[in-house]
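Novice: I'd like to ask you about the structure that follows.
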Amino acid sequence: LQVPRGQTLALVGGDITLEGGNLTAEGGRIELWSANNGLLGITNINGKLASSNEQLAAQFGEIHLTGAASADASGNGGGTIQVQGRRISLRDGSAILATTVGTGNGEGITIGASQSLEVLGFDRNALFPSIISTSSQRGSTGKAGDIAIETENLFVGNGGVISSATFASGNAGNMTIKASSVEAFGTSNNLNPSGIFTGTEVGSTGNAGDLTIETQQLRVTDGARIVATTIGAGNGGNLTVRATE
């Protein structure tokens, strides 16, 4: 499913399953809301329709992306993606992407999962990981969008990645994760480690974003990584972990 550049693509209702399908809103807005009971308000943000959770009941449903499915709002300005459900999972190389291309700043990705968010595994050819990502691509001057995640339990593993990076002069986005439990676990293939990353890539001049994790329990095992780093000309970001256990 695709909408014209800068427009909104929204799937709002019961459980949502994408099995190898692609949702595209170039530089626009993608909304995925799974709620089994409730009313959802619609508002206008800078000329783009958007959902408001002010009237939404708390009975959220399931959202699953499998078979290299994707939700992609990449474009000039990076677009924005909002996902809200009870249990949200990305598997088999599936992706949620808001890549900044051009001069406009990215608007970012917001995910709320009342039970769990899972980002796990690779596609069937083991080439592309399951990923939630914002980035500023080569030749871009706009900043990558921020990533905000709030969930009860976060699982990132078997090659899965949550990342904000810059390949250009624009800065990477900041990432904030709030969860009762955060677990990152690796694979036998340490060349493609699982993890949560903010950083700059080779040839970039922009700065990395800050990575903040607030959780009761944090576990990082089997070669997984949580990193705020730079391998470009720009500065690395701050890594802050607040864990009570």
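The values are calculated or read from the model by the stated rules, or taken from the named source; none is laboratory data. In this text the structure is predicted, and so the values were computed from the model without any measurement. Ideal geometry is used to build each Cβ from the backbone, glycine not excepted, and the neighbour counts take in all protein chains shown. Only protein heavy atoms, including side chains, enter the accessible area calculation; ligands, DNA and RNA are left aside. Shrake-Rupley method; radii C 1.70, N 1.55, O 1.52, S 1.80 Å.
Novice: Tell me, in nm to one decimal, what length is gained between residue 141 and residue 221 on full extension, where the rule is 0.36 nm per residue of separation less the Cα-Cα distance?
Specialist: Working: separation 80, 0.36 × 80 = 28.80 nm, distance 3.60 nm.
Gain in length upon complete extension: 25.2 nm.
Novice: Something else: What length, rounded to one decimal in nm, is gained on full extension from residue 180 through to residue 192, with 0.36 nm per residue of separation minus their alpha-carbon distance?
Specialist: 1.7 nm
Novice: For the stretch 15-20, what does the Karplus curve 6.51 cos²θ - 1.76 cosθ + 1.60, with θ = phi - 60°, yield as ³J(HN,Hα) per residue in whole Hz, taken in order and with x for Gly and Pro?
Specialist: 5, 10, 10, 10, 10, x
Novice: Order 194, 74, most accessible first, counting only protein heavy atoms with a 1.4 angstrom probe.
Specialist: On the way: 194 0, 74 25 Å².
So, going from the largest accessible area down, we get 74, 194.
Novice: Over the chain, with every protein chain in place, what whole percent of the accessible area is carbon and sulfur at 1.4 Å, could you tell me? Could the numbers behind the result be given before it?
Specialist: Working: 4770 of 10650 Å².
Carbon and sulfur atoms account for 45 percent of the accessible area of the chain.
Novice: Oh, and also: Rolling a 1.4 angstrom probe over the protein chains, ignoring ligands and nucleic acids, what is the accessible area of residue 242 in square angstrom, nearest 10?
Specialist: Taking all protein chains as shown, residue 242 has close to 130 Å².
Novice: Per residue, how large is the accessible surface of the chain? Use a 1.4 angstrom probe and give square angstrom.
Specialist: Ligands and nucleic acids excluded, the figure is 43 Å² per residue.
Novice: Additional query: Report D for the chain in µm² per second (integer): Stokes-Einstein, Kirkwood Rh on Cα pairs, 20 °C, 1.002 mPa s.
Specialist: On the way: Rh = 17.6 Å.
Stokes-Einstein gives a translational diffusion coefficient of 122 µm²/s.
Novice: For the stretch 101-131, list residues with backbone N below 16 Å from a point placed 7 Å from the Cα of residue 3 toward its Cβ?
Specialist: Zone members listed by number: 107-110.
Novice: What does the accessible area of residue 222 come to, in Å² to the nearest 10, when a probe of 1.4 Å is used?
Specialist: So the heavy atoms of residue 222 present about 110 Å² to solvent.
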